[in-house]
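In what follows, a structure is listed as structure tokens, so that the remarks can point back to it.
The values are calculated or read from the model by the stated rules, or taken from the named source; none is laboratory data. Predicted model, so just to flag it, every value in this text is computed and none were measured. Note that each Cβ is placed from the backbone with ideal geometry, even for glycine, and that neighbours are counted across all protein chains shown.
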Amino acid sequence: MNMYLDIDGTMIHEDHWETENQAAAGLADFLIALRSHTTFWLTTHCRDGNPERARTIMKQHVPPELHPDIDRILPTTWDVAKTEGIDWSHDFIWFDNDIRGHEWERFKAATAHQQAIEVNLKQYPNHLIEITRDLLLNTKR
Ligand SMILES: [Mg+2]
């Protein structure tokens, strides 16, 4: 299964409270659970096919032993809609805290194995923990 990852608000808190710019609870286990999947960036920090900025940001939030898990995440290229960066010929899960209406539109033509999960760390600070437990550990590669 291909996996697509947003960063801000999905893996790193972006709200203006005390958790701002902190890693989401369970981030390390989330990344470890992704090891059996082909994983891509789908973030404004990597929209031109260059993963360096996304890597630099994420490495500030995970221990050094997980840096290889960051380095293996593949870049995407997109312009207006993140859905442009998705390979629609494969099954996938896209994780993002802010999926726009025009991006949801694209899912009208999706298969049952092409899905977007809207992460909400503000309301559910343990959302990545729940996703890892309930979804990733039950998803075939
Ligand atoms: Mg975001």
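For this structure, a couple of remarks:
- Any hit, the range 60-74, residues being within 16 Å of the chain's Cα centre (by Cα), at negative phi and touching a residue at least 60 places away in the same chain (Cβ under 8 Å): yes
- Qualifying positions in the range 83-93 - touching a Ser or Thr at 6+ places or on another chain (Cβ under 8 Å) and hydrophobic (A, V, I, L, M, F, W, C): ILE86, ILE93
- Residue in the range 33-46 that is more than 15 Å from the ligand (Cβ to nearest atom), over 13 Å from MET3 (Cα atoms) and either of a type outside the set (Ser, Thr, Tyr) or free of Cβ contacts under 8 Å to residues at least 24 places away in the same chain (or both) present: no
- Set LYS108, LYS59, LYS122: member being modelled with pLDDT under 95 and either within 16 Å of the ligand (Cβ to nearest atom) or surrounded by fewer than 20 Cβ atoms within 10 Å (Cβ to Cβ) (or both): LYS122
- If you go through the range 84-141 and keep only what is within 15 Å of the chain's Cα centre (by Cα) and of a type in the set (Val, Ile, Thr), you end up with ILE86, ILE93, ILE99, ILE117, VAL119, ILE129, ILE131, THR132.
- Some residue of the range 2-25 being within 14 Å of the ligand (Cβ to nearest atom), of a type in the set (Asp, Glu) and buried (at least 19 other Cβ atoms within 10 Å of the Cβ): yes
- Tally, over the range 125-140, of residues that are more than 17 Å from THR39 (Cα to Cα) and loosely packed, with under 14 Cβ neighbours inside 10 Å: 3
- Those residues of the range 89-105 which are closer than 24 Å to ARG35 by Cα and surrounded by fewer than 13 Cβ atoms within 10 Å (Cβ to Cβ), in sequence order: SER89, HIS90
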